[in-house]
Amino acid sequence: MKNIAVFCASSPGFNPDFEKEAYALGQYLAESGYGLVYGGAQVGLMGAVANGALSKGGSVTGVLPVFLQTKEIAHPALTELIIVDTMHERKTIMSERCEGIIALPGGFGTMEELFEMLTWAQLGLHKKPIAMLNTAGFYTPLLSFIDNMVTAGVLKQINRDMLLVADNMIDLLGLMEGYVAPEVPKWLNMEST
């Protein structure tokens with residue numbers, strides 16, 4: 001992996017550990033030689049992860065829809081800022097520019113980005129590792145729900161196992177570096193839920 005996309009909230013959240021961990025992740029990625037690709041904002045957890053990477057001299061690429069740039073939330077000090085027309089284009093470029101994905105705490109936008117990347121992986125459209133940094137147990141309820149999808153028979157265990165999870169960045173990056181994507185059948189059928 002050369003570049004890692006990080007999906008996360010544009011707000012800091014109520015738990016101060018969220019912002020602290022986002023900043024530390026940015027620092028760790030830069031120190032480890034990874035470039036950061038993220039949503040391009042200077043606010044919330046997005047701003048924290050970018051500032052962490054920049055504080056250690058890391059390469060940071062932001063991808064921001066033009067309508068958000070006009071709200072003056074674009075980060076002013078990035079290595080590269082790509083302005084796009086739509087949220088869909090943002091997600092596509094972020095995916096094209098990375099070899100791995102990490103989700104930090106976030107809301108609907110973060111969930112939508114995360115699950116689209118998982119869906120693309122499940123369909124065999126990419127083989128990139130997709131990971132959650134479970135800061136302060138933020139993702140624990142969602143992980144229980146995902147496990148319930150397997151129990152209910154609407155998600156295969158092999159696809160559940162595509163989602164890597166750790167509560168610290170060192171273990172998480174280790175899981176990502178060792179990830180091998182499952183083989184996906186060329187043609188999907190009703191039995192390959």
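General observations
- Residue list for the range 145-156, filter: buried (at least 16 other Cβ atoms within 10 Å of the Cβ) and β-branched (V, I, T): I146
- The residues listed here are A41, A53, A30; of these, the one that is at pLDDT 95 or above and crowded, with 21+ Cβ neighbours inside 10 Å is A53.
- Test result for G58, at pLDDT 95 or above, among the small types (G, A, S) and either touching a Pro at 6+ places or on another chain (Cβ under 9 Å) or closer than 15 Å to V37 by Cα (or both): yes
- Only residues that are hydroxyl-bearing (S, T, Y) and surrounded by 21 or more Cβ atoms within 10 Å (Cβ to Cβ) were counted across the range 1-27, and they come to 0.
- Pairs where the first residue, in the range 104-126, is closer than 18 Å to Y139 by Cα and the second is of a type in the set (F, W, Y), C-beta under 7 Å, 6+ apart: P105/F18; P105/F138; G106/F7; T110/F7; E113/F7; L114/F7
- Taking the range 90-111 as the range and being part of a helix (DSSP H, G or I) and surrounded by 15 or more Cβ atoms within 10 Å (Cβ to Cβ) as the test, the residues that pass are R90, K91, I93, M94, S95, G109, T110.
- Checking each residue in the range 27-66 for being of a type in the set (S, T, N, Q) and either assigned to a helix (DSSP H, G or I) or within 23 Å of F138 (Cα to Cα) (or both) picks out Q27, Q42, N51, S55.
- Listed by first and then second residue, the pairs with beta-carbon distance under 9 Å, at least 6 apart or on different chains, first residue in the range 70-89 and at negative phi and assigned to a strand (DSSP E or B), second among the polar types (S, T, N, Q) and surrounded by fewer than 15 Cβ atoms within 10 Å (Cβ to Cβ), are V84/T92.
Table: residues versus (1) basic (K, R); (2) farther than 20 Å from T92 by Cα; (3) without any contact (Cβ under 8 Å) to a residue 60 or more places away in the chain.
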site	(1), (2), (3)
A9	no, no, no
P12	no, yes, yes
N15	no, yes, no
A30	no, yes, yes
Q42	no, yes, yes
M46	no, no, yes
V66	no, no, yes
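- Members of the range 157-179 that are surrounded by fewer than 16 Cβ atoms within 10 Å (Cβ to Cβ), touching a Pro at 6+ places or on another chain (Cβ under 9 Å) and not small (G, A, S): I158, D161, L175, E177
The values are calculated or read from the model by the stated rules, or taken from the named source; none is laboratory data. In this text the structure is predicted, and so the values were computed from the model without any measurement. Cβ coordinates were reconstructed from backbone atoms using ideal geometry, including for glycine residues, and neighbour counts include every protein chain displayed.
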